[in-house]
Every structure is written in C-alpha cells, then in structure tokens.
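Asks: My structure is below; once you've seen it, I'll send some questions.
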Amino acid sequence: MRLRVHTLLFWPHLVAGLLAGLIIGVMSFTGLALAFEHPILERADRETQQVAPPSPGTPRLPVDELIARVRAARPEAQPSAVTEYPDPTRAVTVSTGRTGGVYVNPYTGEVWDWGASGWRAFFHLMEDWHRWLGAQGDNRPVGKAITGASNALFFFLAVTGLYLWWPRKWTWRTLRPSIWFRRGLKGKARDWNWHNVTGFWLLPVLIVLTATGMVISYKGVSDLVFRLAGETPPTAGGPPPGPPIHVPVPPPGSAPLPLEALFVQARKQLPAWENITLRLSGGGAPRGNAPQAGPRPGGNEGKAEARKEGLAPSTFAIRETGGWPLFAATQVFVDPYTAQVLRKDAFADLPAGNRTRRWLRFLHTGEALGLTGQFVAALGCLGGLFLVWTGFCLSWRRFFPAKPGLVSSGDASTSE
C-alpha cells in the first residue's frame, strides 16, 4: 500500500518540480538577496543620515518648514510621508513616493538625497523579479500570477517531499543517508543525498515561507485567515475597517493646525518612541492612512465615517523602542483641527485576524523575528536553490540515464 502511495505522489512531485523549478529558483535567489535588505540599507546609508551635532539649546525647525524646504529644493517631488527620530544627530526622512525620498537637516533645513543608491537599485530589481518576474506595467498581474502559482507548487513539493522522504524502516542505517551529508558520493547518489538532507532540515522553514507566500499572493487564502478568526475579511487589500473615528466638524472658516502641533501631540503618546511617521496627502495636509515608511500597523481604520463629513484624522505610526512584536507600531489618530487624540491603537488592540495576518506577512521575510528570523529565511531560500538544482539533476538522470559502465560506484548505493 505504501509503495502505491509513494508512486502516486512521486510523479506529481517530479512534474511539479519540473514545471515550477526555474521560477522557484528565481524566487529563491531573489528572496536570498532580499533577506537582509533593511539592515544592509540602514548600515550603508548610516553616514548619509547623520547631521552635525547641534549646539546645546539649538531648536529644531517645525515639520511644516522642513516639508516646505523639500518642495523648494525638489519642485518635481511630492512629499508623501515624513518620519522623525529622537536621535538629535539623525536627519528627518521625507518620502516622495513608493521608492524615493530625501533627508532633511532638522536644524538647518538642508535637503539631500538618500544614499546607497547602488544598493537601493539592486534591491528594487530583486523585488521586481521576486514578485513579478521583472514584469512592468500591465504585465505585472501576469508575472504575479506565475510567481503565485509557482509558490503554491513549492508548498505542494514541500508537503509531498516529506512523505517521499519518510523511511520505510526507522533505523540509523536507513535514516542517516537522508538526514546528513555523506562524503565521497558522486552522480545520482550525491544528488539524492543533497536533495533529501536539504529538504529534511529546511522543511519547516520552506513550509512557513511558502504558506505565508500564498497568503500574500491569493486574496482567498488571506480571507481564510480572517474567517478562521471569526472575522469578516476586508473587501480590498489590507486589514479590514475598524470602528469609525468621528472627527468633530470645526467651526466655519477653521483651518487645520500646523503639522508641528500634531507631532507635538503624537510625541507625548509613547515616551520611549523610536520613530514617528505621518503619511501626507498630495498637498502636504494630513491624511488618515497608515504610513508607508514603516510596517503598516492599522490600515484604513476609522476613515469612512470621517469622510462623510469630508474630514479625516491625521494618523501617526509610532514605533516604540523594545516593542513587541518587532514589526508592530501604535497608530494614533489625531484631530487635525484641535490636535486632540481621537483614538490610540496598539498592536494588541487589533482584532485577532488582523494581528495574525500581519504576523504572516513578516514571517514571510523573517523580519518578525529580527536578524535571527531573516537569517533563517535566507537559509530557506538557499536551500530552495539546492533543491531546484538537485531535483533537476535527479530528473535528468532518470530520463537520460548514464550508459552502462559509466555509472559511478556511488550511484549503486542510491535507493529509488
């Protein structure tokens, strides 16, 4: 019976590997390249972000003035988010789109471009290939469909591979060739040993990477996360809407407060803040979206009711030093006319489905567990490359076996 099931699973396993192997190889390579993107960029750009230590008592320029300096220095740029840090020697970051931005000296208003341009271009290219196979514009949905299907096949390969790996007898003699690398092997025996050992040790990582990848790729799988938590899935991408936030209608003729006044209020919410980000609309006015400069902690919560009146709260994402989870941020909704805090949502305040969905997002990259998690994710991607290579080699040897007399002595010890 087991032999029949083994044969029944072996051929779909082999065919799935041949169909998706090249794409899995591309995704594994680019995933490996992207594993340490943020630590590398932060280290490479560290000096570029620094400003000269100010003299004691030197005041910081208001946030509104910093944004005005950016517009004057880069008329073609459209500020989309602003992030500040408590370190007095670190520049303020102003994002100007999905991948662009500038630094601003908070004391002088000097504006300069982000550094590490070579690294940024490299990671941007790797992300394009990892998500869309390098496709651009209208072709991106096609590329996304191919990578999503290949990721699903990789998940299938991981699950079926476990059954195919399972030894008939649990003895050290039969188990050792499948769980540890052996020296002196050549040809098919070497490929079989490498394929099985890599799959055995990295199977949990590969299942996590592929399963979380399916959550990201397919809305139906993402919706399942919310349904299992007893929640209604969002109608579009991102987390579902939360309770409405009522922004009081200001007196006629009232104007929004300066952004600096809103930042003053936001800074008071978490004394041990690590950075504070405010997403901006096209005109620089506050906008009630989660910021892009960091992980999105709360999505579009509470905007619908405010928009009925044409008003939306200013939404700050505040990262706290030593906070947990590492990717979490607290969202603070502020009345743009009075600077009153309308609501404060910590990560623990989010619904269970929302929290789970965010964990899955950052488990996929390993960032949920910091550098250790990123290293494990990188190891999984490296293992994916090994599995693709050895899988192709084993398939080639199966369909195009070596002529009698050319088979190495190591091949004779290989089981089917």
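Asks: Just grab the label-to-label distance for Leu224 and Ser117, each label 7 Å out from Cα along the Cβ direction, in nm (one decimal).
Replies: 4.6 nm
Asks: Please state, rounded to one decimal and in Å, the Kirkwood hydrodynamic radius that region 46-115 gives when every pair of distinct Cα atoms enters the mean of 1/r.
Replies: Its Kirkwood hydrodynamic radius stands at 12.1 Å.
Asks: Per the helix-only calculation at 222 nm, which mean residue ellipticity applies to the chain, given -39500 (n - 2.57) for every DSSP H run of n ≥ 4 and division by its residues, nearest 500 deg cm²/dmol? Working shown, then result.
Replies: Numbers: 13 runs with 206 residues, N = 416.
When only DSSP H runs of four or more count, the value is -16500 deg cm²/dmol.
Asks: Residues in region 103-146, backbone N under 19 Å from the label point at Glu76 (7 Å along the Cα-to-beta-carbon vector): list them, ranges by number please.
Replies: Of the residues in region 103-146, 103, 111-115, 117-118, 121 have backbone N under 19 Å from the label point off Glu76.
Asks: I want to check a number: in the chain, how many lysine pairs have alpha carbons closer than 29 Å, given a sequence separation of 8 or more or different chains?
Replies: 12
Asks: Still on this structure, I have one more. Kindly put Thr235, Thr83 in sequence by how many other C-beta atoms sit within 10 Å of each C-beta, fewest to most. Before the final figure, lay out the partial values.
Replies: Working: Thr235 10, Thr83 20.
In order of increasing Cβ crowding within 10 Å: Thr235, Thr83.
Asks: Multiplying the sequence separation of Arg183 and Glu65 by 0.36 nm and subtracting their Cα-Cα distance, what value in nm do you get?
Replies: Here the segment from Arg183 to Glu65 would lengthen by 35.9 nm.
Asks: First select every other residue whose beta carbon is under 15 angstrom from the beta carbon of Glu42; then total the charges, Lys and Arg +1, Asp and Glu -1.
Replies: Around Glu42, the surrounding residues sum to -1.
Asks: Moving on to the next point. For the chain, what is the charge dipole size about the Cα centre, in debye to the nearest 20, if Lys and Arg each add +1 at the Cβ and Asp and Glu each add -1 at the Cβ?
Replies: Details: 43 positive and 29 negative charges, 420 e Å.
Using only the charged Cβ atoms, the result is roughly 2020 debye.
Asks: In degrees between 0 and 90, to the nearest 10, how far off the longest principal axis of the chain does helix 219-228 point, with axes built from Cα atoms?
Replies: Its long axis makes an angle of about 80 degrees.
Asks: Let me ask something else about it. Can you give the Rg/Rh ratio of region 320-407, where Rg is from the C-alpha atoms and Rh is the Kirkwood radius?
Replies: Value, to two decimals: 1.39.
Asks: I've got another one for you. How big is the dipole moment of region 1-65 about its Cα centre under a simple scheme where the beta carbon of each Lys and Arg is +1, that of each Asp and Glu is -1, and everything else is neutral? Debye, nearest 20, please.
Replies: Details: 5 positive and 6 negative charges, 139 e Å.
Approximately 660 debye in magnitude.
Asks: For Ser95, Ser281, which order do you get if you count the other beta carbons within 10 Å of each Cβ and list the fewest first?
Replies: Neighbour counts put them in this order, fewest first: Ser281, Ser95.
Asks: Next up: Sort Asp223, Asp335, Asp113 so the one with the fewest other Cβ atoms within 10 Å of its own Cβ comes first.
Replies: Final ranking by Cβ density, sparse to dense: Asp113, Asp223, Asp335.
Asks: Related question: Enumerate the whole-percent occupancy of each 10 Å bin, from 0 to the last occupied one, for all C-alpha pair distances of the chain.
Replies: Distribution as computed: 4, 18, 25, 22, 14, 9, 6, 2, 0, 0 percent.
Each value in this text was obtained by applying a stated rule to the coordinates, not by laboratory testing. From a predicted model like this one, the values you see are computed outputs, not experimental measurements. Here the Cβ is made from the backbone with ideal geometry for all residues, glycine too, and neighbour counts use every protein chain on show.
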